[in-house]
Amino acid sequence: MIGQIVDTVTNIRTVKLFAHDRAEDRAALDSLATYRARAVDWAALAVWFRFLLFVLERRLPVAMVGYGVWGWTGGTVTSGDIAAVGGMAIRLAHDRLGQLDADDDLCRSGRGRGWDAAR
């Protein structure tokens, strides 16, 4: 898409001399339709990736504590180990939740992820 625009602008005199309005319009519309379809496909992939990441992030702390308690009932893990694992699980859950909130706040405010560098 970008290449077509650059090529057209660069060779505007030639395009004006030999252009066929309907053919040019059809080519532009086809190019935009292809671009939109690819953007929608990428967005769907990104949504599924974020959803999967969200699910895994929620299961990891629960699994850590669950396996700790399971090991404690079997006598292979001490209560101190469970406390340490619980602390790590809370830290992981809190840090990631905080990161998601911070990302959303930055995106809504127009700051972050390269926006500051552009100003």
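Numbers at a glance
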{"read-out": "10 Å binning of all Cα-Cα separations within segment 9-78, expressed as whole percents from 0 upward", "value": "16, 19, 15, 14, 11, 9, 8, 6, 1"}
{"read-out": "Length added when fully stretched, L32-A84, from 0.36 nm per residue minus Cα-Cα", "value": "13.3 nm"}
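No value in this document is a laboratory result; all are computed from the given coordinates. Because the structure is predicted, anything quoted here is derived from the model rather than measured.
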